[in-house]
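Trainee: The structure that follows is given in the form of C-alpha cells.
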Amino acid sequence: MGNRLSKIYTRTGDDGLTGLGDGSRTPKDSIRIEAMGNVDELNAALGVLLTEPLPDSISASLLAIQHDLFDLGGEIAIPGHQILNPDRVSVLEQTLDTLNAELSPLREFILPGGTRAAALCHLARTVCRRAERTLITLHREQETTPASLPYINRLSDLLFVMARHLNRIANAPDVMWKHSR
C-alpha cells in the first residue's frame, strides 16, 4: 500500500468546505461533519482511556471498538456506504451482558467517578451520547446505515457498565448521587 497521507495540508479546506469520501464537498459545519467529528472525538477519548492500566479483556474490547468507530466514521464520510458490520451490535450486547452480570443492581443514580479509568470511561460515555445525538440528527436529514444508531446507542450503555466494572475490580465504590445533601 502506498502512502495514504503523504501531504497533511492541502489548502482545499480554506474556503470552509471539506471533501467527503465520495469526492463531494460539504461545509465544514454541516451535520455530517459534526457527526464525523464527534465519532472521532469519542475514538480519541477511548484512546486516552486505553493509556490506563486495564484488564486485557477490557483493552481488547476497547481496541475493537476503536476500529468499529473508525468504520463508522468512514460510513459517515461516504454517504450511502456501509462499512460497520451489523454483527458488531451483538458483540457489544454480549460484552454488556457479561460485565453487567457481575455488578450489583443500582438503586440510585451514580456520578461519574471512582477510579481514574472509570471516570475516563464515563467521559467517553458522555462524548458517545453527543455523537449519538448528532448521528440521529444526520439520520433525520439523510438516512444512515442500519447498524450505526443501534451501535452507538449500545456503546454508551457499555461504557456506563464498563465504568462500574472498572470500579468494582479496583475495589472502588461507585460515587452515589445524594438527592438530599
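The values are calculated or read from the model by the stated rules, or taken from the named source; none is laboratory data. Bear in mind the structure is a predicted one, so any value in this text is a computation, not a measurement. Positions of Cβ are generated from backbone atoms using ideal geometry, with glycine treated the same way; all protein chains shown enter the neighbour counts. Remember, those area values only see protein heavy atoms, side chains included, never the ligands or the DNA or RNA. Shrake-Rupley method; radii C 1.70, N 1.55, O 1.52, S 1.80 Å.
Trainee: Looking at region 23-39, I want the residues that are farther than 20 Å from Phe70 by Cα and have a partner that is surrounded by fewer than 13 Cβ atoms within 10 Å (Cβ to Cβ) and of a type in the set (Gly, Ala, Ser) with Cβ atoms under 7 Å, at least 6 apart or on another chain. Which pairs are those?
Mentor: From residues that are farther than 20 Å from Phe70 by Cα, the pairs are Pro27/Gly16.
Trainee: Quick one: in region 143-159, which of the residues that are within 14 Å of Asn85 (Cα to Cα) and in a loop (DSSP other than H, G, I, E, B) is nearest to the chain's Cα centre (by Cα)?
Mentor: The extreme case among them is Ala147.
Trainee: With respect to Leu84, is the statement that it is of a type in the set (A, V, I, L, M, F, W, C), touching a Phe, Trp or Tyr at 6+ places or on another chain (Cβ under 7 Å) and surrounded by 18 or more Cβ atoms within 10 Å (Cβ to Cβ) true? Steps first, please.
Mentor: On the way: of a type in the set (A, V, I, L, M, F, W, C): yes; touching a Phe, Trp or Tyr at 6+ places or on another chain (Cβ under 7 Å): yes; surrounded by 18 or more Cβ atoms within 10 Å (Cβ to Cβ): yes.
Yes, satisfied.
Trainee: In region 88-104, which residue that is small (Gly, Ala, Ser) and over 19 Å from the mean Cα position of the chain (by Cα) is modelled with the lowest pLDDT? Step through it out loud before you land on a result.
Mentor: The first filter runs over region 88-104 and keeps only residues small (Gly, Ala, Ser), leaving 90, 101, 104.
From what's left, over 19 Å from the mean Cα position of the chain (by Cα): 101, 104.
Working: Ala101: 96, Ser104: 93.
Looking at residues that are small (Gly, Ala, Ser) and over 19 Å from the mean Cα position of the chain (by Cα), I get Ser104.
Trainee: Please pick out the residue among Asp40, Asp15, Asp56 that is out of contact with any helix residue (DSSP H, G or I) (no Cβ under 9 Å at 6 or more places or on another chain), at pLDDT 95 or above and open to solvent by 50 Å² or more (accessible area, probe 1.4 Å). Working first, answer last.
Mentor: Numbers: Asp40 fails: out of contact with any helix residue (DSSP H, G or I) (no Cβ under 9 Å at 6 or more places or on another chain); Asp15 fails: at pLDDT 95 or above.
It is Asp56.
Trainee: Which of the residues spanning region 59-75 are touching a Leu at 6+ places or on another chain (Cβ under 7 Å) and over 22 Å from Asn38 (Cβ atoms)?
Mentor: The answer is Ser59, and nothing else.
Trainee: Exactly one of these conditions fails for Asp97: (1) open to solvent by less than 80 Å² (accessible area, probe 1.4 Å); (2) of a type in the set (Asp, Glu); (3) assigned to a helix (DSSP H, G or I). Give me its number.
Mentor: Tallying (1) open to solvent by less than 80 Å² (accessible area, probe 1.4 Å); (2) of a type in the set (Asp, Glu); (3) assigned to a helix (DSSP H, G or I), Asp97 fails exactly one: (1).
Residue by residue, here is whether (1) open to solvent by 80 Å² or more (accessible area, probe 1.4 Å); (2) at pLDDT 95 or above; (3) over 29 Å from Arg168 (Cβ atoms); (4) in a helix (DSSP H, G or I) holds:
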| position | (1), (2), (3), (4) |
| --- | --- |
| Ala64 | no, yes, no, yes |
| Leu106 | no, no, no, no |
| Gly114 | no, yes, no, no |
| Cys121 | no, yes, no, yes |
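Trainee: Every residue in region 78-91 that is in a helix (DSSP H, G or I) and in contact with an Asp or Glu (Cβ under 8 Å, 6 or more places away or on another chain), please.
Mentor: Within region 78-91, Arg88 is the sole residue that qualifies.
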